[in-house]
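Asker: Dumping the structure here so I can ask a few things about it.
Throughout, read-outs are computed from the coordinates displayed, never taken from laboratory work. Computed from a predicted structure; not experimentally measured. We place every Cβ from the backbone using ideal geometry, glycine too, and count neighbours over all the protein chains shown.
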Amino acid sequence: MTTTWPAAQQLIPALARPSRVQGSTPRPDDHVIVMFGATGDLARRKLLPGLFHLAAAGLMPGRYRIIGSSRRSLTGEQFGELARQAIAEFGISKPTGAGWEAFQRRLSFASAQSGHTESPAAAIEQADREIGGSPRRLFHLAVPPAAFEPTVRMLGAAGLARGSRVIIEKPFGTDLASARALNKTVHATFEESQVFRIDHFLGKESVDNILAFRFANGLFEPVWNRQYISYVQVDVPETLSIEGRAEFYDQTGAYRDMIVTHLFQVPGFVAMEPPVSLSARHLRDEKAKVFEALRPIDPGHVVRGQYRGYRSEPGVRADSDTETMVALRAEVENWRWHGVPFFLRSGKSMAAGRQVVTLGFREPPLRMFRAHKQDIPAGRVNEIVIDFADPGSISAEFLAKVPGPELSLGQAKMVFSYEDSFALSHALEGYERLILLAMIGDQSLFTSPGGIERLWEISGPLLQNPPPAEPYEPGSWGPPSAGKLIAPYRWHLPER
């Protein structure tokens, strides 16, 4: 039984817009955008298509230039063709007509050889002259983690950091010591107000919609606590394998790659107290309180898995114990969430590709109600399920009377879907939204240095004493012990 909610105007449309200023979308100042790693996979799949979509939507600055940079030597024409092919393959807006021609004229390329700053600096100076006035500068470090610190130092040595902003991709270190070292290097060149540590999960409409769902509706906020909620799940399985990334992945694993960087950010929104406002400072403050309340991860409450065949992947060590899947129990030790387990799971080569937050409600006394197993195959479950894969949805799963002569219970569902309720032509993908916020200077959906360091701090016991990785079949939901970890509850996925 499924009911779709009509256009849910109560969900604060302003929260779905790039700006945090209700009712307005400020256009960024004039900009020179420098994309380091411009010939890489991230730039091809997300950044170049995203920038063109922003331009097509009228959300780019009035005057701007985009400078691609990498160790490869390309002409401006070659970079323009690379961008056109990337946008044609992965973009929402296709590279045709006057819009594409105007965007292409704003592209240029500067090689970035190690130790040499002349080419990027000269390209930036030329772009400044072409734009006129005093355009802002935004550097996007779409480079491997080993290149973060050298690139930041290069920008400082070339005198390019003053007044600029920098977007840093994940991962932000591999443990507490490396995260602190990276933050120290970054802060030696940039003020914290200039730094935007990007997590594309936080740019998704449905993740941000958690705030609207909770705080804009008197129906939900009063029950958003340990008195009514018995468990929270954040589940992000992937069907992809490591896709030829053995050199990176075998040194990193699912916990460092996904849990610290992505999944822990979601409970920051789910579990936070009501912020004073939606400003960056107040949102970050409340997320930081959640992270401070997280107890250190107990290795006994962690399941590490490795899909069969992983050790045969090119570049993987024959005796590798790297996890390709991880499930764990976390605890937020504060007045609102004491005793409520937060279960997190993510992995490669799993049965489905999904991004789901599930809140399970406590069961009331039900002795007076009958129920037949075929009507409630998953048991007597009340859940709110937030699917934050684009375009996203929110469903409420509850018990209702099955039609017939007896009063017997069956499972029912009400669904709010972005696709059915709002005009998706106005929607931005995660990267697009976050790049726009970085140009505006809004840090509200970017991670803070203290938050990152705290997550590595609570990860210490697990990193120092990880349980052995258990094998699981590709296309499954991980090793059987992942199901035992969550008992007496069940993972929402696979859907009942």
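Asker: Any idea how far the Cα center of the stretch 148-215 sits from the one of the stretch 406-482, in Å?
Answerer: 19 Å
Asker: To one decimal place, what orientation-averaged projected area in nm² is obtained for the convex hull of the Cα set of the stretch 204-344?
Answerer: Seen from a random direction, the Cα hull of the stretch 204-344 projects 10.0 nm² on average.
Asker: Additional query: Can you list the residues, at least 5 places off or on another chain, whose amide H is less than 5 Å from the amide H of Phe109, using H built in the peptide plane?
Answerer: Hits under the 5 Å cutoff: Gly68, Gly76.
Asker: As an exercise, identify the trypsin sites (Lys or Arg not before Pro) in the stretch 54-120 lying in DSSP coil whose Cβ has no more than 16 other Cβ atoms within 10 Å.
Answerer: Arg63, Arg71, Arg72, Arg105
Asker: For Arg336 and Asp321, compute 0.36 nm times the residue count separating them, minus their Cα-Cα distance, and round to one decimal in nm.
Answerer: Full extension from Arg336 to Asp321 adds 1.7 nm.
Asker: Rg to Rh for the chain: what is it, with Cα atoms only and Rh by Kirkwood? Mind dumping the intermediate values first?
Answerer: Numbers: Rg = 23.7 Å, Rh = 24.1 Å.
Using only Cα positions, Rg/Rh for the chain is 0.98.
Asker: Relative contact order for the chain: what is it in percent, counting Cα pairs under 8 Å that are at least 6 residues apart?
Answerer: On the way: 928 pairs, mean separation 97.2, N = 496.
It rounds to 20 percent for the chain.
Asker: Continuing with this model, one more query. Out of residues 5 or more away from Met350 or on other chains, whose amide H comes under 5 Å of its own, with H placed 1.01 Å from N in the peptide plane?
Answerer: Glu238, Thr239, Leu240, Gly475
Asker: Return the sequence-ordered ³J(HN,Hα) values of the stretch 93-108 in whole Hz as given by the Karplus equation 6.51 cos²θ - 1.76 cosθ + 1.60 applied to θ = phi - 60°, using x for Gly and Pro.
Answerer: Along the stretch 93-108, the couplings run 8, 8, x, 9, x, 5, x, 5, 4, 5, 5, 4, 5, 8, 9, 8 Hz.
Asker: Check cross-link reach from Lys401 to the lysines: straight Cα distance under 21 Å, and skip same-chain residues fewer than eight apart.
Answerer: Cα-Cα hits under 21 Å: Lys373, Lys413.
Asker: Let me ask something else about it. Over the stretch 212-254, what per residue volume does the convex hull of the Cα atoms give, in whole Å³? Please report the intermediate quantities before stating the final value.
Answerer: Values: hull volume 5.9 nm³, N = 43.
Once divided by residue count, the hull of the stretch 212-254 is 138 Å³.
Asker: Direction-averaged shadow area of the convex hull around the Cα atoms of the stretch 275-329, nm²?
Answerer: Its average projected convex-hull area is 6.4 nm².
Asker: Moving on. Quick one: which residues, 5 or more positions from Gln355 or on another chain, have an amide H under 5 Å from its amide H? H modelled 1.01 Å from N in the peptide plane, none for Pro or chain starts.
Answerer: Correct list: Phe388, Ala389.
Asker: Another question, if that's okay. Pull out the extension gain between Arg105 and Ala389, defined as 0.36 nm times the separation in residues minus the alpha carbon to alpha carbon distance; nm, one decimal.
Answerer: So the extension gain works out to 98.9 nm.
Asker: Report the one residue of Val236, Ile394, Met60 whose Cα lies farthest in the direction of the positive end of the charge dipole of the chain (charges on C-beta: Lys and Arg +1, Asp and Glu -1; origin at the Cα centre).
Answerer: Ile394
Asker: Averaging over every viewing direction, what projected area does the convex hull of the Cα atoms of the stretch 80-200 cover, in nm²?
Answerer: On the way: hull surface 35.8 nm².
Average projection, Cα convex hull of the stretch 80-200: 8.9 nm².
Asker: Now a separate question. Assuming a viscosity of 1.306 mPa s and a temperature of 10 °C, what translational diffusion coefficient in µm² per second does Stokes-Einstein assign to the stretch 404-482, Rh being the Kirkwood radius over Cα pairs?
Answerer: On the way: Rh = 19.1 Å.
Value of D from the Cα-based Kirkwood radius: 83 µm²/s.
Asker: So how far apart, in nm, are the two label points at Glu406 and Asp420 if each is 7 Å from Cα heading toward Cβ?
Answerer: A separation of 3.1 nm, rounded to one decimal place.
Asker: Among His140, Gln85, Pro26, whose Cα sits farthest toward the positive end of the charge dipole of the chain (+1 at Cβ of Lys/Arg, -1 at Cβ of Asp/Glu, about the Cα centre)?
Answerer: Result: Pro26, furthest along the dipole toward the positive end.
Asker: For Lys170, list the lysines whose Cα falls under 29 Å from its own Cα; do not include residues on the same chain fewer than 8 positions away.
Answerer: Lys46, Lys94, Lys184, Lys204, Lys287, Lys289, Lys348
Asker: Report ³J(HN,Hα) in whole Hz for each residue of the stretch 135-151, in order, from the Karplus equation J = 6.51 cos²θ - 1.76 cosθ + 1.60 where θ = phi - 60°; Gly and Pro get x.
Answerer: Those phi angles translate into x, 6, 10, 10, 9, 10, 8, 8, 10, x, x, 5, 8, 4, 5, x, 5 Hz.
Asker: For the stretch 246-251, just list the computed ³J(HN,Hα) in residue order, Karplus coefficients 6.51, -1.76 and 1.60, θ = phi - 60°, integers in Hz, with x standing in for Gly and Pro.
Answerer: 4, 4, 7, 5, 5, 8
Asker: Next question. Treating only the Cβ of Lys, Arg, Asp and Glu as charged (+1, +1, -1, -1), what charge dipole size does the chain show about its Cα centre? Round to the nearest 20 debye.
Answerer: 420 debye
Asker: Ok, one more. Can you bin every Cα-Cα distance in the stretch 55-132 into 5 Å intervals starting at zero and give me the percent of pairs per bin, rounded to whole numbers?
Answerer: With 5 Å bins starting at 0, P(r) equals 3, 15, 23, 23, 19, 12, 5, 1.
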